[in-house]
Amino acid sequence: MNEKNQVNENSKNEQLEQFLVEDEGKALTTNQGLKMSEDEFSLKAGERGPTLMEDFHFREKLTHFDHERIPERVVHARGFAAHGFFELYESMKDFTRAKFLQDPSVKTPVFVRFSTVNGARGSSDTVRDARGFATKFYTEEGNYDLVGNNIPVFFIQDAIKFPDLVHSFKPEPDNDIPQASTAHDTFWDFVANNQESAHMIMWIMSDRAIPRSFRMMEGFGVHTFRFVNDQGKAHFVKFHWKPKLGVHSLVWDESHKLAGIDPDFHRNDLWNAIENGFFPEYELGVQLLREEDEFKLGVDILDATKIWPEEIVPVKIIGKMTLNRNVDNFFAETEQAAFHLGNVVPGVDFTNDPLLQGRLFSYLDTQLIRLGGPNFHEIPINRPVVPFHNNQRDGYHRQTINKGKVNYHRNSLAGNTPSPVPPEKGGYESYQEKVEGRKIRARSDSFKDHFSQATLFWNSMSDVEKRHIIEAFQFELAKVKSESVKQQVVDMFANVNLELARSIAEYIGVNPPASGGSNVTTSSPALSQLNTVFSPETLTVAVIVTKGFNGPDVKYVLDHLVAAGIQPKIISETIGEVSGTNGVNLNAEFTFLTAKSVQFDSVYIVRASSSSPTFNKQIAHFTDEAFSHYKPIGASPGLNQWLERNNIAGQPGVVISENLEQFTKELIDAISQHRFWDRKVI
Ligand code: HDD
């Protein structure tokens with residue numbers, strides 16, 4: 001086989017195909033392959049008698065069922081994943097010897113799992129939380145895992161504090177309340193007493209923590225890693241995923257309602273996008289820093305609570321990832337996927353970031369309990385697409401059958417194989433960083449500024465983003481019972497911005513801080529979501545129609561919306577065909593029983609005079625809610641008075657026009673803007 005092209009975009013799919021099982025149309029057997037003549041009745045002594053111990057089929061079926069569950073992930077329990085591939089735009093040879101980053105013609109298969117951090121496996125998708133963004137690259141040099149989040153910094157600086165952090169944000173231990181939420185005493189007590197969390201908290205209180213879609217959020221490797229090239233020269237590197245659709249969020253009220261109406265909102269969104277051929281794309285960017293510039297950024301690059309502002313260290317876009325295939329089986333693939341920061345390839349190395357170093361231990365360790373033993377690398381989703389050979393043997397669930405007697409190194413009986421490979425032939429060699437020092441449990445002084453970048457983040461927000469941050473703090477702290485914790489938090493955030501702290505204090509009824517504030521005046525425009533990409537592609541529009549609608553006009557609008565990549569979803573009085581004039585029919589997927597405004601990005605009210613008073617009332621409610629979430633609304637000609645009656649006529653993002661062409665153009669433009677923050681919402 002041609003060495004260079006051993007791995008291609010289909011390598012992982014082809015490997016997984018060997019494990020696919022089609023049950024449809026097959027005879028029912030036991031796990032031993034025995035065909036069974038009956039699967040409904042256990043074997044009994046007489047029709048009304050006790051079940052017999054002898055019933056091996058009953059025992060096998062029940063025993064298997066009793067053992068179906070495995071422990072959920074201790075964090076990031078709720079997740080959703082998809083397959084895809086990564087392609088490189090330009091060779092990164094100057095910086096790294098990683099093979100998958102050398103040749104733009106090589107496509108590397110990937111598996112990506114998105115997740116919330118706090119909630120249990122069955123919790124809701126749209127809660128306020130960071131989102132995990134874990135990517136497994138199946139490269140020709142073995143698996144490389146980039147295990148990141150949609151927030152570029154972390155709560156803590158040292159991994160030894162991770163159990164404390166997680167205990168504090170999980171439901172409180174006495175009553176297991178609240179689920180999937182940080183709005184409770186122990187979390188905020190942790191924050192106030194571990195003030196390195198300040199920067200991450202600003203992100204968590206921002207719109208970043210309530211993404212519109214997994215397809216519309218950034219990903220970050222968070223830590224500083226190392227790239228090492230063929231000559232052994234290293235650069236520091238931070239990784240970024242940039243979604244082609246831009247970074248967009250829900251509004252808080254909407255995400256609350258969605259959590260009840262559609263707890264699977266993000267799952268549905270990703271699954272349907274892929275099924276409909278709207279393959280999510282993310283560009284991979286790197287920030288590169290020469291080793292000799294390590295101390296020039298004014299922050300310690302080993303501190304995971306800090307970013308490198310993009311305006312200072314630009315993000316170089318080097319490739320693109322496309323997610324194009326849903327899983328065949330959630331448990332086998334998504335649930336059993338095991339990510340690990342220590343899965344690296346030659347050319348990628350670590351730094352001494354104490355958070356990163358601790359993670360290198362934790363991921364392998366957690367898989368042992370979660371996946372039940374040391375052979376989880378053999379589970380199909382976790383296997384590399386290249387062979388693996390070593391002297392590790394046995395353990396629970398071992399599947400490979402290693403031949404021969406030799407299972408040790410060094411040996412003569414097998415010619416001292418499997419044999420280590422020198423670096424110049426592709427063997428992994430750790431970067432020979434010089435280290436010296438005393439054994440000491442301490443934090444470097446360079447890790448002690450907890451507030452400057454929190455203020456930088458605040459300064460970078462637009463007015464509406466600032467308002468959302470204040471409201472999120474107000475919400476969370478209003479749910480905290482301890483007056484002392486509330487006061488501590490307010491006093492802490494006075495270090496970030498006085499106005500912010502005072503707005504919270506006033507709302508929750510604690511003493512406003514008299515002094516504080518920050519002398520940081522800089523901002524980083526890249527941090528504001530108002531500066532992201534805006535595109536109508538893949539956004540949904542709820543089209544409200546009733547029988548007798550103007551067929552040609554509506555068809556014209558819908559055809560143009562679809563051509564712009566927008567997805568119309570038809571709502572009517574009943575499910576099924578709705579007939580319009582001139583033989584135009586639409587297929588209603590929803591009624592107001594099954595569709596709520598929060599499930600759509602925009603509204604297009606067509607209606608027709610035949611609609612019932614109840615339906616009209618429901619349209620008003622639906623539209624009012626969409627309006628209060630700042631969403632684009634389009635209305636057919638003749639609905640002017642209706643808009644006026646509902647107090648939304650003439651407001652930003654409310655589109656109506658007698659001219660069909662102009663209306664369509666304006667509606668598409670409005671949809672691509674997502675939200676109209678300058679609208680008057682009472
Ligand atoms: Fe972690 C899972 C991301 C700090 C210990 N982490 C996990 C997942 C993501 C992250 C995306 C889910 C992977 C999947 O989909 O299966 N974690 C991060 C990021 C961090 C971070 C971006 C900070 C920069 N994590 C972190 C620390 C520790 C852990 C400091 C422990 C010292 N993380 C774990 C874990 C998990 C995990 C306990 C739970 C399930 C798993 O690993 O497989 O080992």
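Does residue 385 satisfy the criteria of being surrounded by 16 or more Cβ atoms within 10 Å (Cβ to Cβ) and more than 32 Å from the chain's Cα centre (by Cα)?
no
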Just one listed residue, out of 479, 439, 466, is over 21 Å from residue 192 (Cβ atoms), in the same structural domain as residue 500 (by TED's automatic domain parsing), modelled with pLDDT of 95 or more and not hydrophobic (A, V, I, L, M, F, W, C), and it is 466
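Please specify each residue of segment 128-143 satisfying the condition of being within 16 Å of the ligand (Cβ to nearest atom) and farther than 14 Å from residue 383 by Cβ. Break it down into steps so the answer makes sense when it comes.
Just the residues of segment 128-143 that are within 16 Å of the ligand (Cβ to nearest atom), to begin with: 129-138, 143.
The answer is 129, 130, 131, 132, 133, 134, 135.
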Within the set of pairs 6 or more residues apart or between chains, which connect a residue that is without any contact (Cβ under 8 Å) to a residue 40 or more places away in the chain and outside the structural domain of residue 667 (by TED's automatic domain parsing) inside segment 614-636 to a residue that is assigned to a helix (DSSP H, G or I) and open to solvent by less than 10 Å² (accessible area, probe 1.4 Å) with Cβ atoms less than 6 Å apart?
none
Just one of the numbered conditions (1) loosely packed, with under 12 Cβ neighbours inside 10 Å; (2) assigned to a helix (DSSP H, G or I); (3) not hydrophobic (A, V, I, L, M, F, W, C) is not true of residue 334; which one?
(1)
Residue in segment 103-113 that is loosely packed, with under 14 Cβ neighbours inside 10 Å, part of a loop (DSSP other than H, G, I, E, B) and outside the structural domain of residue 324 (by TED's automatic domain parsing) present
no
Can you tell me which residue is nearest to the ligand (Cβ to nearest atom) among those in segment 296-331 that are open to solvent by less than 50 Å² (accessible area, probe 1.4 Å) and out of contact with any strand residue (DSSP E or B) (no Cβ under 9 Å at 6 or more places or on another chain)?
304
Screening 622, 615 for residues that are assigned to a helix (DSSP H, G or I) and within 29 Å of the chain's Cα centre (by Cα) leaves only 622
Considering residues of segment 79-102 that are within 10 Å of the ligand (Cβ to nearest atom) and open to solvent by less than 10 Å² (accessible area, probe 1.4 Å) only, the residue farthest from residue 385 (Cα to Cα)
79
Among the candidates 367, 357, residue that is free of Cβ contacts under 8 Å to residues at least 60 places away in the same chain and either open to solvent by less than 10 Å² (accessible area, probe 1.4 Å) or polar (S, T, N, Q) (or both):
367
Select from segment 636-682 the residues that are hydrophobic (A, V, I, L, M, F, W, C), out of contact with any helix residue (DSSP H, G or I) (no Cβ under 6 Å at 6 or more places or on another chain) and open to solvent by less than 30 Å² (accessible area, probe 1.4 Å) and list them in ascending order.
639, 642, 643, 654, 663, 667, 670, 671, 676
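State yes or no: is residue 365 under 30 Å from residue 302 (Cβ atoms), near the ligand (Cβ under 10 Å from one of its atoms) and in contact with a His (Cβ under 7 Å, 6 or more places away or on another chain)? Please lay out each step first, then the result.
On the way: under 30 Å from residue 302 (Cβ atoms): yes; near the ligand (Cβ under 10 Å from one of its atoms): yes; in contact with a His (Cβ under 7 Å, 6 or more places away or on another chain): no.
Considered against the rule, which asks whether it is under 30 Å from residue 302 (Cβ atoms), near the ligand (Cβ under 10 Å from one of its atoms) and in contact with a His (Cβ under 7 Å, 6 or more places away or on another chain), residue 365 comes out as no.
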Checklist (1) touching a Gly at 6+ places or on another chain (Cβ under 9 Å); (2) more than 9 Å from the ligand (Cβ to nearest atom); (3) under 17 Å from residue 81 (Cβ atoms) applied to residue 149, failing item:
(2)
Within segment 60-78, residues away from the ligand (no atom under 16 Å from the Cβ), open to solvent by less than 80 Å² (accessible area, probe 1.4 Å) and basic (Lys, Arg) come out as none
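The values are calculated or read from the model by the stated rules, or taken from the named source; none is laboratory data. Source: prediction; values computed, not measured. Neighbour counts are summed over all protein chains in view; Cβ atoms, including those assigned to glycine, are modelled from backbone coordinates with ideal geometry. Side chains included, ligands, DNA and RNA excluded: accessible areas come from the protein's heavy atoms. Shrake-Rupley method; radii C 1.70, N 1.55, O 1.52, S 1.80 Å.
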